[in-house]
Amino acid sequence: MSTGEHLEDSSEEMSSGLPPLKWPKETFDGMVRNWKFPDSWDARYLEEGQTAADAPAGYITLFWDFFLCITKFFLDILSYYKFHISQMHPIGIVRVRHFEFVCRGMHIEPTVNRFRVFHQMHYSQGFYSFIQRASAKKILLNPPKSFQDWKPKFFFIKAGVIPLKMVFRGKEDVVTETIQTPFSEAWYQDIKDVLSIALPEKALVGAGMSLCWRMNREDKPVEGGKMATVPKRANEELWYLQIVKSFVLPRDEDLSAQPPTDAGNFTMILFEITILFFAAFARNFCKICFFQYVSCLNWA
């Protein structure tokens, strides 16, 4: 058995700054229309000169370039590492989402302990991320080094869209975990690397990581990576009902709840963590549907 205390060098870009809004209102309106945001989410375009730190009480800042379906595995990651999603660098989220995709595509249950075999938490310039453990094999080849021009394209939306009670982690030294690499375990032997390429929506649906699938469809994706479907068995649950169990979806009470008196007061926190953002798998890696409310075109 080997331990993971020796880590590869991290050259990830941990960018900083709070740039003002810089994208056309027409583009925002098109996003809301095309992604069919419900009125109850109350997505808001900012006033000129506002920054991501100006979210009003009861609202959070989201970025146009990044969308995220909140899966239960992702929640487990946030719970274990105890930081707010807004403190997570996009590259770190890419690693989390990629790991889940690889596991689900190979019928391996994604767990925090298995994730830790490959990744060590990393902190730099106000953001938390993850870097590869040198002792474990690589399952993400050629990971992204940075994301460009995403900060000025943001908007506000009700905080209840993310039905989570997250906490902000203070700036602190990150302890290097000593993890044994389970060379002899079957799941570790079975897991394989996947190139850092754009993942088609169909592949994400097949892996159960996208809800871009009509609820009443009687077919299901073909296993093995082929972009095709087959009829489900007579006694088999609808594919949508199978994959929706992996997600955490906003509830009516989350969207209607009154914000606490200190909600929206993120200015001091943002000076510490640099910027409040709801970021996830980038469009170049996987642009996925935003929760169950998004109406989608036919998959096949």
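The values are calculated or read from the model by the stated rules, or taken from the named source; none is laboratory data. Computed from a prediction, not measured in an experiment: that's the story for all the values here. Every residue, glycine as well, gets a Cβ built from its backbone with ideal geometry; the counts of neighbours run over all protein chains shown.
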Out of all the residues in the stretch 75-132, which are at pLDDT below 90, surrounded by fewer than 20 Cβ atoms within 10 Å (Cβ to Cβ), under 17 Å from the mean Cα position of the chain (by Cα) and hydroxyl-bearing (S, T, Y)? S79
Which one of these is at pLDDT 75 or above, assigned to a loop (DSSP other than H, G, I, E, B) and within 18 Å of the chain's Cα centre (by Cα): P144, P163? P144
Can you report the number of residues in the stretch 210-241 which are closer than 22 Å to H98 by Cβ and at pLDDT 85 or above? 2
Considering (1) among the β-branched types (V, I, T); (2) under 17 Å from G92 (Cα atoms); (3) in a strand (DSSP E or B), say which one I157 fails and leave the rest. (2)
What is the residue count in the stretch 90-108 for residues that are farther than 21 Å from A159 by Cβ, in contact (Cβ under 8 Å) with a residue 60 or more places away in the chain and of a type outside the set (G, A, S)? 11
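So, A136, is that one small (G, A, S) and modelled with pLDDT under 85 or not?
On the way: small (G, A, S): yes; modelled with pLDDT under 85: no.
Spelling it out, it is not the case that A136 is small (G, A, S) and modelled with pLDDT under 85.
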Would you pick out the residues in the stretch 144-164 that are over 21 Å from A53 (Cα atoms) and either hydroxyl-bearing (S, T, Y) or out of contact with any Asp or Glu (no Cβ under 8 Å at 6 or more places or on another chain) (or both)? P144, S146
Of residues in the stretch 1-49 being surrounded by 14 or more Cβ atoms within 10 Å (Cβ to Cβ) and among the aliphatic types (A, V, I, L, M), the one modelled with the lowest pLDDT: M14
Using beta carbons and a limit of 6 Å, which pairs, at least six apart or on different chains, have the first residue in the stretch 210-221 and closer than 11 Å to E237 by Cα and the second one crowded, with 22+ Cβ neighbours inside 10 Å? K220/W239
